[in-house]
Amino acid sequence: MQRCKNGMKLDDLRTLIAIAQHGSFRAAASALDIPPTTLSRRLQRLEDTLGSQLVIRDSRNVSLTPLGQSYTDRCQPLLSELEAATSELHDSSHSDPRGALRISAPVGLLTYRLTPLFNQFLAQYPEITLSLTHLSNQHHDYSPEQYDVVFRVGEQADSSFAAACIGQSQRILVASPDYLAQFGAPLHPDDLNQHSRLASVPEFEWALTNKGQSETIWINSPVRMAIADLNSIKQAAIHRLGIACLPNYVVTDALASGQLTTMMEQWHSPPRPIYMLYQRMGYLPAHIRLFIDFMRDAFQHSS
């Protein structure tokens with residue numbers, strides 16, 4: 001446990017900064033990966049050490065006192081600089097890159113694009129470990145305290161992360177040849193309203209644009225199946241349950257084997273960017289920089 005000369009522990013200061021960033025004890029405890037009781041104890045110890053109230057607590061809200069806000073504003077950049085210097089010294093003392101990576105990613109992107117690249121990276125750097133315990137494509141479920149690198153599909157809102165666009169996801173219409181033989185192949189987007197649609201949550205509506213024109217048609221007819229898992233929708237399409245609109249990287253193998261086929265190639269869904277998000281400010285440890293560069297190069301070569 002790191003301790004300053006006046007007896008203050010740096011973990012207690014990190015607790016105050018996390019509370020200031022997240023605005024609640026529960027969110028701050030989650031970000032620091034500690035129980036709420038531990039967080040409360042650390043905050044009380046910091047206030048006792050400084051002899052001042054830093055946080056105002058009530059049944060609904062948590063806010064900093066003016067003194068707590070001023071103290072946080074002054075200490076946060078100092079703590080970031082201290083941690084950066086410590087990480088830099090640690091990196092320089094080890095010839096082989098090492099460290100732990102905390103990753104968040106969507107299930108479909110992980111399964112069909114990221115996992116093979118993760119395997120290659122870990123094989124190349126045996127002293128680096130990778131932890132991926134949160135699978136989600138939600139745009140507001142991450143913070144720098146929780147993850148080192150976050151992968152997301154679609155436009156991203158402003159956040160404390162830097163966002164690097166590393167590729168694109170192009171959705172295409174697919175169905176089983178047997179399904180199309182039985183129910184007929186649609187020739188125009190409006191025809192999809194007469195077919196069974198298989199939708200991945202939350203992509204209930206499909207936007208299809210004519211390649212030769214600027215016309216865009218939205219398909220929002222009722223869906224026969226809606227699942228928040230791309231592979232499940234793909235399997236439903238293979239089993240002749242309807243037409244799906246899925247990212248090209250999800251159905252590449254099924255198209256090659258003939259299990260699925262495309263239709264209406266003149267109509268396409270607008271491509272969506274694939275982003276790699278990472279810490280915007282401060283020092284990045286060597287193993288995280290290596291991972292970011294590796295993934296950026298890997299996506300560039302694969303595209």
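Show the residues, 5+ positions off or on another chain, whose built amide H is closer than 5 Å to the amide H of residue 65.
Amide H neighbours of residue 65, under 5 Å, 5+ apart: 55, 56.
Would you please give the residues with an amide H less than 5 Å from that of residue 240, counting only those at least 5 places away or on a separate chain, with H modeled from the backbone geometry?
The list, which skips near neighbours in sequence, is 176.
Out of all DSSP beta bridges with both ends in the chain, state the antiparallel percent to the nearest 5.
Numbers: 29 of 43 bridges.
The antiparallel fraction comes to roughly 65 percent.
Which whole-number value in Å³ per residue fits the convex hull of the alpha carbons of segment 171-270? Intermediate values should be presented prior to the final figure.
Values: hull volume 8.7 nm³, N = 100.
It is 87 Å³ per residue.
If we count other beta carbons within 10 Å of each Cβ, what is the order of 127, 265, fewest first?
Details: 127 12, 265 9.
Ordered by Cβ neighbours within 10 Å, fewest first: 265, 127.
With runs of 4+ DSSP H residues as the only contributors, calculate the mean residue ellipticity of the chain at 222 nm using -39,500 (n - 2.57) per run, divided by the residue total and rounded to the nearest 500. If you can, show how the numbers build up before the last one.
Details: 9 runs with 116 residues, N = 303.
-12000 deg cm²/dmol, from helical runs alone.
Need the C-alpha centroid separation for segment 240-268 versus segment 167-228, integer Å.
The distance from the Cα centre of segment 240-268 to that of segment 167-228 comes to 10 Å.
Taking every DSSP beta bridge that has both residues in segment 171-270, what percent is antiparallel when rounded to the nearest 5? Mind dumping the intermediate values first?
Values: 12 of 17 bridges.
Just about 70 percent of them are antiparallel.
In percent, how large is the relative contact order of the chain, given Cα pairs closer than 8 Å and 6 or more residues apart? It would help to have the intermediate numbers written out before the result.
Values: 469 pairs, mean separation 61.8, N = 303.
Once divided by the residue count of the chain, the mean separation gives 20 percent.
What label, among (1) 21.3, 69; (2) 24.5, 79; (3) 20.7, 76, belongs to Rg and Dmax of the Cα atoms in Å computed from the structure on display?
Working out Rg and Dmax of the Cα atoms in Å from the coordinates points to (2).
Multiply the residue gap between residue 240 and residue 165 by 0.36 nm, knock off their C-alpha separation, and tell me the result in nm, one decimal place.
Working: separation 75, 0.36 × 75 = 27.00 nm, distance 3.51 nm.
The span from residue 240 to residue 165 would gain 23.5 nm if fully extended.
Kindly write out, for segment 206-213 in residue order, the coupling ³J(HN,Hα) from the Karplus curve 6.51 cos²θ - 1.76 cosθ + 1.60 (θ = phi - 60°), rounded to whole Hz, with x marking Gly and Pro.
Using θ = phi - 60°, the values come out as 10, 9, 10, 10, 6, 4, x, 9 Hz.
Throughout, read-outs are computed from the coordinates displayed, never taken from laboratory work. A quick note: this is a predicted structure, and the numbers were derived from the prediction, not measured. When we count neighbours, we look across all protein chains shown, and the Cβ atoms used for this are built from the backbone with ideal geometry, even at glycine.
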